[in-house]
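Below is one structure, written out as structure tokens, with a few remarks after it.
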2 protein chains.
Amino acid sequence: MAKFIHTMIRVLDEARSVRFYGEAFGLALADRYAFDGFTLVYLRNAENDFEVELTINNGQSEPYSHGAGYGHLAVCVDDIEAEHDRLSKLGLAPTPVKSMQHAERNLATFFFITDPDGYKIEVLKRAGRYT
Amino acid sequence: MAKFIHTMIRVLDEARSVRFYGEAFGLALADRYAFDGFTLVYLRNAENDFEVELTINNGQSEPYSHGAGYGHLAVCVDDIEAEHDRLSKLGLAPTPVKSMQHAERNLATFFFITDPDGYKIEVLKRAGRYT
């Protein structure tokens, strides 16, 4: 059966993105492959068998555009307030922590941060179905 | 530490997308939450603790746009030729199977298919680093 293994995003500045995903989510460089014209970088941490694949295209200087379709990648964390504080202190400008109700029960507690290329990442409190 | 738990995409037709992700990747409905104005649908299979979150916005009829930044979600499968045949017979129009070399070694064997809203999914042979 098909197993999810990564999501690919195009980024302008390899070092900037590697630093962001490391600081924000503890992702480390798993592999890096340089080709003629582009480089692939795989980032992962020990929490899940799933990677972020960065594509860096040589000669790209225009920021990549974002359509209205793709939404975000999501992670969960144990202590969402502590994580919000930590990311704020790093200057990563998380949105305020919000909760979402469904059928009069708390479904999700979360905030968003935006990576250097404008991709949004949702940070959810590890609770309920978000584990 | 942050754990990847899902990726969110906006889709036009809930039933069409649920059918596609079920047929193509064996994803089943894990949860569904209807809100005023939108519905969230979580799809997963047993291979990974990672879900596709579909957002269906009420009243949306225009196809969602796709920017140049976001690339694709990737899965791996055991038998890529059999999977390519199966998806072809389902009418899902996979691209031809290709291999990519790096440093004179085979790095990846893969094809792409496109979901009903235009999101690309890479299907990789389960081998090497793609497991």
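Laboratory data are not the source of any read-out in this text; all were calculated from the coordinates shown. From a predicted model like this one, the values you see are computed outputs, not experimental measurements. Neighbour counts run over all protein chains shown; Cβ positions are idealised from the backbone, glycine included.
List of remarks:
- Distance from the C-alpha centroid of the range A:40-79 to that of the range A:80-131: 17 Å, rounded to the whole angstrom.
- Only Lys, Arg, Asp and Glu carry charge here, each on its Cβ (+1 for the first two, -1 for the last two); on that basis the protein assembly as shown has a dipole of about 80 debye about its Cα centre.
- For the protein assembly as shown, the equivalent ellipsoid built from the Cα gyration tensor has semi-axes of 28, 24, 17 Å, listed from largest to smallest.
- Cross-link check: pairs A:Lys3/B:Lys89; A:Lys125/B:Lys98; A:Lys89/B:Lys120; A:Lys98/B:Lys125; A:Lys3/A:Lys120; A:Lys120/B:Lys98 evaluated at a Cα-Cα cut-off of 29 Å; pairs beyond the cut-off: A:Lys125/B:Lys98; A:Lys89/B:Lys120; A:Lys98/B:Lys125; A:Lys120/B:Lys98.
- Neighbourhood charge, 12 Å Cβ-Cβ cut-off, centred on A:Asp117 and excluding it, Lys, Arg +1 and Asp, Glu -1: -1
- Within the range B:1-70, percent of DSSP bridges classed antiparallel, to nearest 5: 70 percent
- The ranking of B:Leu40, B:Leu90 from fewest to most other beta carbons within 10 Å of each one's beta carbon is B:Leu90, B:Leu40.
- Above 23 Å, the calculated P(r) of chain B contains 38 percent of its Cα-Cα pairs.
- Among A:Ala68, A:Pro94, A:Gly128 - extreme Cα towards positive end, dipole of chain A, charges at beta-carbon: A:Gly128
- Sites listed here are GluC sites (Glu not before Pro) in the range B:80-131 whose DSSP assignment is loop and whose Cβ has at most 15 other Cβ atoms within 10 Å: B:Glu104.
- Debye equation applied to the C-alpha atoms of the range A:71-131, log10 I(q)/I(0) at 0.22, 0.26, 0.27 Å⁻¹: -0.87, -1.13, -1.19
- Cβ-based net charge around A:Gly67, under 11 Å, with every Lys or Arg adding one and every Asp or Glu removing one: 0
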